[in-house]
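The values are calculated or read from the model by the stated rules, or taken from the named source; none is laboratory data. The structure presented is a predicted model; accordingly, all values stated were derived computationally and were not measured. Here the Cβ positions follow ideal geometry from the backbone for every residue, glycine too, while neighbour counts run over all protein chains shown.
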Amino acid sequence: MHTILPAFSTSFIVISAILVAFGWVQIAKRNIAKHRRLMTWAAVFASLFFIVYMSRTIFVGNTEFGGPDNIKTIYLVFLLFHITLATVGGVMGIITLIWGFKNQLAKHRKIGPITSVVWFITAITGATVYILLYCVYPGGETKPLLDAIF
């Protein structure tokens, strides 16, 4: 179970980013209804990610880096970059969605492309964290979040 939940949560965020890309294509074609539907589903999958991730963090813990010590610092800097970007991207995503649903389209159009790029980078860095933790190196011990990082 300690590797299944991270696989699910990573899949959800990657699906979210793919849906954002499709939504971007649809708005470029001026297909507002499809754009709205795709972006709403992207938000649903991002929310599923957050629910699974936080549940796992609270009830199971997080897995520490199991790779060699000489790259652990690089991994931790990368992880903190990802966490910061994910937090910023999440807040931007919520704001972008609210402005879109409230038809504050000037604001929505201004922040939307930036939010999308941040979200793509978040998904890529998140998938990279997953690959490093569970595929490239054997996962370390699973323990509470702060213990896993420090």
>> Exactly one of these conditions fails for Leu133: (1) over 19 Å from the mean Cα position of the chain (by Cα); (2) under 16 Å from Ala7 (Cβ atoms). Give me its number.
In response: (1)
> Looking at the range 110-127, which of its residues are buried (at least 16 other Cβ atoms within 10 Å of the Cβ) and not aliphatic (A, V, I, L, M)?
Replying inline: Gly112, Thr115, Ser116, Trp119, Phe120, Thr122, Thr125, Gly126
> In the range 95-106, which residues are exposed (fewer than 14 other Cβ atoms within 10 Å of the Cβ) and hydrophobic (A, V, I, L, M, F, W, C)?
Replying inline: Ile98, Phe101, Leu105, Ala106
> Only one of Leu48, Leu38, Leu80 is at pLDDT 95 or above and either surrounded by fewer than 14 Cβ atoms within 10 Å (Cβ to Cβ) or more than 17 Å from the chain's Cα centre (by Cα) (or both); which?
Replying inline: Leu80
> Can you name every residue in the range 1-17 that is outside any loop (DSSP other than H, G, I, E, B), surrounded by fewer than 16 Cβ atoms within 10 Å (Cβ to Cβ) and of a type in the set (Val, Ile, Thr)?
Replying inline: Ile4
> Only one of (1) surrounded by 18 or more Cβ atoms within 10 Å (Cβ to Cβ); (2) outside any helix (DSSP H, G or I); (3) not small (Gly, Ala, Ser) is not met by Arg30, so which one is it?
Replying inline: (1)
>> Here are the criteria: (1) under 18 Å from Thr40 (Cβ atoms); (2) in contact (Cβ under 8 Å) with a residue 40 or more places away in the chain; (3) hydrophobic (A, V, I, L, M, F, W, C). Tell me which single one Ile95 does not satisfy.
In response: (2)
